[in-house]
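Worksheet: one structure, shown below.
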Amino acid sequence: MTQYVLRRLLLLVPTLFGILFVVFLSLHLIPGDPATALLGQHATPESIAAIRQRLGLDKPLPVQFLYYLESVARLDLGDSIVTRTPVLVELGQRLPVTITLTVLSMIIAVVGGMALGIAAAVRRASIVDYLGMSVALLGVSMPIFWLALLMIYYLAVQLHWFEPTGIASVQYLTAVPKVTNFFLIDSLLAGNTAAFWNGLWHMVMPSVALATIPMALIARITRSSMLEVMGNDYVRTAYAKGLPGRIVVWRHALKNALLPVITVIGLQFGSLLSGAVITESVFALPGLGRYIVAAIYNRDYPAVQGAVLVFAFLFVILNLLVDLLYTVVDPRIRYD
């Protein structure tokens, strides 16, 4: 097992190198120039040339890429072209919001999706099954931004149940000192439970909007896997022995139906990270997704490359954790 984990961690290096190369090349091939974006369309050619020289953009692309690789090897992602702040510092301020949003969304997706899928499988061809799969179909068909706008209009603007934007109300943002940059954790560390519940309430709509598609997919996979397992002889034997239905489902069927569900959960973590770009933009959350959108608009190369590198790193690590989780669910799986 240890050798397998080490091999996977070593494979991280060429994977991240390939991602960096593709992102670097893509950014430099698309139309637009950071110096022009920084100075505006009416800047003189001399001032644009001076900015390009200061940023190192006047050098050949291979040289720029080698310089960037050297800085990444030193764990230096460079400075933002727009704010002139180290990219690592800005990512450290933004990443906690994205992680909070992603984790809350995944909790909603896993709990809701598995409950829906199990209920549909246990009561196959009933109203529960048809209703559950209809909800799943609706969830997987509805775009995130459209659902987010509907929620803002009806639940925040019309009914005033939720706040439409931000991670917390202004009075709580200023009252909680930043320790970990995770607002919910910092509010608990400060003993400010009112700020914690306010921050959690602000995250309800973004988390639900982001969780909709993963929840629908998890529900469909859970139902399909449960139906396959419940048709096996050992499940029928358990029922024939007179065991209660809930024990047969939880102890015998669900555990053996979890492998494909775990695979989908691992893949959906990646889609949640990419979906956070849209969700954070709609709900004005100061996370990594919104940061990438602004960086692309401003042609802020170091910021885009750094943020994508962090996303890729998280995705690879999450996939490794999912692979390791297989051995916990099914002890027959060995990686050695």
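The values are calculated or read from the model by the stated rules, or taken from the named source; none is laboratory data. The structure presented is a predicted model; accordingly, all values stated were derived computationally and were not measured. Virtual Cβ from ideal backbone geometry, glycine too; neighbours counted across all protein chains shown. These accessible areas exclude ligands, DNA and RNA; they are computed on the full protein's heavy atoms, side chains included. Shrake-Rupley method; radii C 1.70, N 1.55, O 1.52, S 1.80 Å.
Miscellaneous remarks
- Subset of the range 47-69 [in a loop (DSSP other than H, G, I, E, B) and surrounded by 12 or more Cβ atoms within 10 Å (Cβ to Cβ)]: Gly56, Leu57, Asp58, Lys59
- If only residues of the range 115-127 that are among the aliphatic types (A, V, I, L, M) and surrounded by fewer than 15 Cβ atoms within 10 Å (Cβ to Cβ) are counted, the one that is farthest from Ala168 (Cα to Cα) is Ala125.
- Any hit, the range 264-286, residues being farther than 19 Å from Ile99 by Cα, within 31 Å of the chain's Cα centre (by Cα) and open to solvent by 40 Å² or more (accessible area, probe 1.4 Å): no
- Residue in the range 289-300 that is surrounded by fewer than 20 Cβ atoms within 10 Å (Cβ to Cβ), at pLDDT 85 or above and outside any helix (DSSP H, G or I) present: no
- The single residue among Ile213, Ile185 that is at pLDDT 90 or above and open to solvent by 10 Å² or more (accessible area, probe 1.4 Å) turns out to be Ile185.
- Residue list for the range 142-163, restricted to those being within 25 Å of Thr263 (Cα to Cα) and either without any contact (Cβ under 8 Å) to a residue 12 or more places away in the chain or not in a helix (DSSP H, G or I) (or both): Met142, Pro143
- Members of the range 1-16 found to be surrounded by fewer than 12 Cβ atoms within 10 Å (Cβ to Cβ) and either under 21 Å from the mean Cα position of the chain (by Cα) or part of a loop (DSSP other than H, G, I, E, B) (or both), listed by number: Met1
- Every residue from the range 174-190 that is within 19 Å of Leu95 (Cβ to Cβ) and assigned to a loop (DSSP other than H, G, I, E, B): Val176, Pro177, Lys178, Val179, Thr180, Asn181, Phe182
- Leu321 being more than 13 Å from the chain's Cα centre (by Cα), within 19 Å of Val103 (Cβ to Cβ) and not basic (Lys, Arg): yes
- Residue in the range 81-89 that is open to solvent by 40 Å² or more (accessible area, probe 1.4 Å), over 16 Å from Asp300 (Cα atoms) and out of contact with any Lys or Arg (no Cβ under 9 Å at 6 or more places or on another chain) present: no
- Matching residues in the range 92-114 - criterion: being open to solvent by 30 Å² or more (accessible area, probe 1.4 Å), under 10 Å from Ile218 (Cα atoms) and in contact (Cβ under 8 Å) with a residue 60 or more places away in the chain: Val110, Met114
- Test: residue in the range 70-93 that is assigned to a helix (DSSP H, G or I), over 24 Å from the mean Cα position of the chain (by Cα) and hydrophobic (A, V, I, L, M, F, W, C): yes
- Considering residues of the range 218-243 that are part of a helix (DSSP H, G or I) and among the charged types (D, E, K, R) only, the residue least open to solvent (accessible area, probe 1.4 Å): Arg223
- Being open to solvent by less than 50 Å² (accessible area, probe 1.4 Å) and in contact with a His (Cβ under 9 Å, 6 or more places away or on another chain) is a property that Ala195 lacks.
- Condition check for Thr44: closer than 16 Å to Gly306 by Cβ, among the hydroxyl-bearing types (Ser, Thr, Tyr) and open to solvent by 50 Å² or more (accessible area, probe 1.4 Å): no
- The range 45-73 residues that are in contact (Cβ under 8 Å) with a residue 60 or more places away in the chain and under 15 Å from Val87 (Cβ atoms), paired with ones that are assigned to a loop (DSSP other than H, G, I, E, B) and not small (Gly, Ala, Ser) (beta carbon under 9 Å, 6 or more apart): Tyr68/Leu77
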